[in-house]
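This report concerns only the one structure given below.
All of the numbers you see were taken from the coordinates with simple rules; none came from a lab. Here the structure is a predicted model, which is why all the values come from computation and not from measurement. Positions of Cβ are backbone-derived with ideal geometry, glycine not excepted, and every protein chain shown enters the neighbour counts.
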Amino acid sequence: MPKITQLSELDLTADYSYADYLTWQFTETVELIKGKIQLMCPAPNVRHQRFSMYFSGRLFSYFENKSCQVFAAPFDVRLYDRSKSLLANKDITTVVQPDICVICDNSKLDEQGCNGAPDWIIEILSKGTAKKDIKDKHALYAESGVKEYWLVFPYEEVIQQFVLCNKNNSYQLANSYAGDDIAMPYLFPDLAIDLSALFKNS
């Protein structure tokens, strides 16, 4: 398969697979959602990166001697309907780069990233990604079997915590955290995240 070195060589209305994605060598960062190319925003702003670094550091310390691992973007996560077994590259049509993800099943990790749903994903909203994170990825992560999903609103200083309900394969809002609350993941209830420390320098 020929290498693609310019985004302009692609038809943005066409459907692509992860096998195609692996041939792309242009500088722009993109995601692939159900076969469609999704352009990513330019480099995140300072506030976004402060939040990302806080979560990365806090979670890295917590998981340091545990079986779960934490990864920050850029990091490829290949997703598909959780009712399906492991898929070949040509059959995978969704590749996303969550801001933060936690993976407890190490068999999902390979040299390219994560093949299958992480246990916990955190997306830090920006103006360019808010609609996609709130609507499109919310549905996508539920369908793929991501057990817990956090939406972080940096300017509103709010975190929405969603937990997957297996009965109907959809998310339920478990908590909304704000201000100086202590946020606790459903999956890791002994991990206390002090939001006053997160928001104080934002």
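If the cut-off is a Cα-Cα distance under 18 Å, which aspartates and glutamates reach Lys167, setting aside same-chain residues fewer than 8 apart in sequence?
Asp81, Asp119, Glu143, Glu148
Go ahead and collect, in residue order, the members of segment 29-48 whose backbone nitrogen is under 17 Å from a label point 7 Å along the Cα-Cβ direction of Lys127.
Within reach of a label on Lys127: 40-48.
HN-Hα J couplings of segment 29-43 from phi, Karplus 6.51/-1.76/1.60, θ = phi - 60°, integer Hz, Gly and Pro as x?
Calculated HN-Hα couplings, in order: 9, 10, 10, 10, 10, 6, x, 9, 6, 10, 6, 8, 5, x, 3 Hz.
Can you say what percent of the DSSP beta bridges in the chain, counting only those with both residues inside, are antiparallel? Round to 5.
80
Neighbour counts of other C-beta atoms within 10 Å: give me Cys114, Cys165 arranged from fewest to most.
Working: Cys114 22, Cys165 11.
With the sparsest Cβ surroundings first, the list reads Cys165, Cys114.
List the lysines whose alpha-carbon lies under 16 Å from that of Lys127, not counting same-chain residues fewer than 8 positions away?
Filter leaves Lys135, Lys137.
Roughly speaking, what is the stretch gain from Val163 to Ser176, that is 0.36 nm per residue apart minus the C-alpha to C-alpha distance, in nm to one decimal? Before the final figure, lay out each step's value.
Details: separation 13, 0.36 × 13 = 4.68 nm, distance 1.19 nm.
Using 0.36 nm per residue and subtracting the Cα-Cα distance, I get 3.5 nm.
Between Cys104 and Met184, what FRET efficiency comes out of the Förster formula 1/(1 + (r/R0)^6) with R0 = 22 Å and r the beta carbon distance, rounded to 0.05?
Working: r = 17 Å, r/R0 = 0.78.
About 0.80, to the nearest 0.05.
Non-local amide H neighbours of Ile92 (under 5 Å, H modeled in plane, Pro and chain starts lacking H): which ones?
Sorted by chain and number, the residues that satisfy this are Tyr18, Ala19.
What chymotrypsin sites (Phe, Trp or Tyr not before Pro) in segment 88-160 are in a loop by DSSP, with at most 11 other Cβ atoms within 10 Å of the Cβ? Present the calculation step by step, with values, prior to reporting the outcome.
Values: sites: Trp120, Tyr141, Tyr149, Trp150, Tyr155; in loops: Tyr155.
Counting only loop positions with at most 11 other Cβ atoms within 10 Å, the chymotrypsin sites (Phe, Trp or Tyr not before Pro) in segment 88-160 are Tyr155.
Which loop-located GluC sites (Glu not before Pro) does segment 27-96 contain, where loop means any DSSP state but H, G, I, E or B and the Cβ has at most 12 other Cβ atoms within 10 Å?
Glu28, Glu64
P(r) for the chain: what percent of alpha-carbon pairs falls in each 5 Å bin, starting at zero?
The percentages, shortest bin first, are 1, 7, 15, 20, 20, 17, 11, 6, 3, 1, 0.
Give me the net charge of Met40's neighbourhood, meaning all other residues with Cβ under 15 Å from the Cβ of Met40; Lys, Arg count +1, Asp, Glu -1.
Cβ neighbours under 15 Å give a net charge of -2.
List every residue whose amide H lies under 5 Å from the amide H of Leu22, counting only residues 5 or more places away in sequence or on a different chain, with H placed 1.01 Å from N in the peptide plane.
Excluding prolines and chain starts, which carry no amide H, there are no hits.
Within a Cβ distance under 13 Å of Leu191, other residues only, what is the Lys/Arg minus Asp/Glu net charge?
Once positives and negatives cancel, what remains is -3.
Loop only per DSSP, at most 11 neighbouring Cβ atoms within 10 Å: give me the trypsin sites (Lys or Arg not before Pro) in segment 1-50, ordered by residue number. List each step's numbers first, then the result.
Working: sites: Lys3, Lys34, Lys36, Arg47, Arg50; in loops: Lys3, Lys34.
Those satisfying the criteria are Lys3.
Order 89-102, 179-192 from most to least packed using the mean count of other Cβ atoms within 10 Å. Could the numbers behind the result be given before it?
Values: 89-102: 20.8, 179-192: 14.1.
Packing order, densest peptide first, comes out as 89-102, 179-192.
What net charge do the residues around Glu9 carry, taking every other residue with its C-beta under 13 Å from that of Glu9, with Lys and Arg at +1 and Asp and Glu at -1?
Its environment carries a net charge of -2.
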